[in-house]
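A short write-up of the structure that comes next.
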Amino acid sequence: MWLQLARPVLELHTVREGPVVGYFGGKPALPEGVEWPDGMTYLVSLDLSAIPAGSHDIDLPSDGHLLFFSEPDIAPEAEVVYVPAGTPVTERELEEDAYHQECERFPLYGVRGWDFPFNREDSVIDIGESRYDEKVFSSIKWHLTADNDCVGTIGGYTDRATGGGEHGLESPETETLLGYLYVDADLGGEGFGRDGTMVGWVLANEDLAQRRFDRARTVSDFNG
């Protein structure tokens, strides 16, 4: 029953073998007229053309870049910027009169994975009547741990809160999870907390189809 709900997910690893699909940190390369969001840390640039085929099931463009920004906080606001392929860009420098934080730059390797929901309501697939083992499966999913070198995922299901964070899809029929980044003090700075913050981006299906990534809303969680 649960295999019906399995979805491919792209995992972003720091040391695994696999194609380089983006970079964590550094300076963002942005088009003219698009500013580095004030008060936010630049986290990741994802090269959509480098993503392995079949590693996710969401309606992303086949090329261009997605740039992810977040406030350095355990309950942050966050933004995502889509830069279409061929768009002239300029690498931005830190400005003295604005709070920006630059993280160490390193490559991210794309690894194919799978994701499962905690509850049947997280999926649009009808799997029939309730079963006795659903709570058992949810408990197993809760205790599964990711590899320590995985710093993010693209696609898949929204996770359940571990520290009281309000997040998730309001409606799996009308919204899509773009992905999560897992940021701690070592990666993004002290603002993300010693034990780390999970920052995610959710987009209405209509906005995703129209490539209106600026309308993404933030979902987050923190440990502790």
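If you find the alpha carbon centre of the range 73-89 and of the range 3-35, how far apart are they in angstrom? A separation of 12 Å, based on Cα centres.
For the range 183-224 and the range 117-141, what is the separation of their Cα centres, given in Å? Using only Cα atoms, the two centres lie 25 Å from each other.
Note on the range 1-99: with neighbouring protein chains present and a 1.4 Å probe, carbon and sulfur make up 48 percent of its accessible heavy-atom surface. Taken about its Cα centre, the range 1-103 carries a charge dipole of roughly 620 debye when the Cβ of each Lys and Arg holds +1 and the Cβ of each Asp and Glu holds -1. Would you work out the Kirkwood radius for the range 1-134? I mean one over the mean of 1/r across all pairs of different Cα atoms, in Å. Every distinct Cα pair counted, the radius reaches 17.1 Å. On the beta carbon distance between S49 and T174, with R0 = 41 Å, the FRET formula returns roughly 0.90. Candidates G64, L10, G86 compared by Cα position along the dipole of the range 1-152: farthest toward the positive end lies L10, with charges placed on Cβ.
As a length-normalised measure over Cα pairs under 8 Å and 6 or more apart, the relative contact order of the chain settles at 26 percent. Pairs of alpha-carbon atoms within less than 8 angstrom and 6+ residues apart define the contacts here; what relative contact order does the range 30-129 have, in percent? It comes to 31 percent, rounded to a whole number.
The values are calculated or read from the model by the stated rules, or taken from the named source; none is laboratory data. Everything quoted here is computed from the prediction, not taken from an experiment. Methodologically, a virtual Cβ is constructed for each residue, glycine included, from the backbone with ideal geometry; neighbour enumeration extends over all protein chains shown. SASA here: full protein model, heavy atoms, side chains in, ligands and nucleic acids out. Shrake-Rupley method; radii C 1.70, N 1.55, O 1.52, S 1.80 Å.
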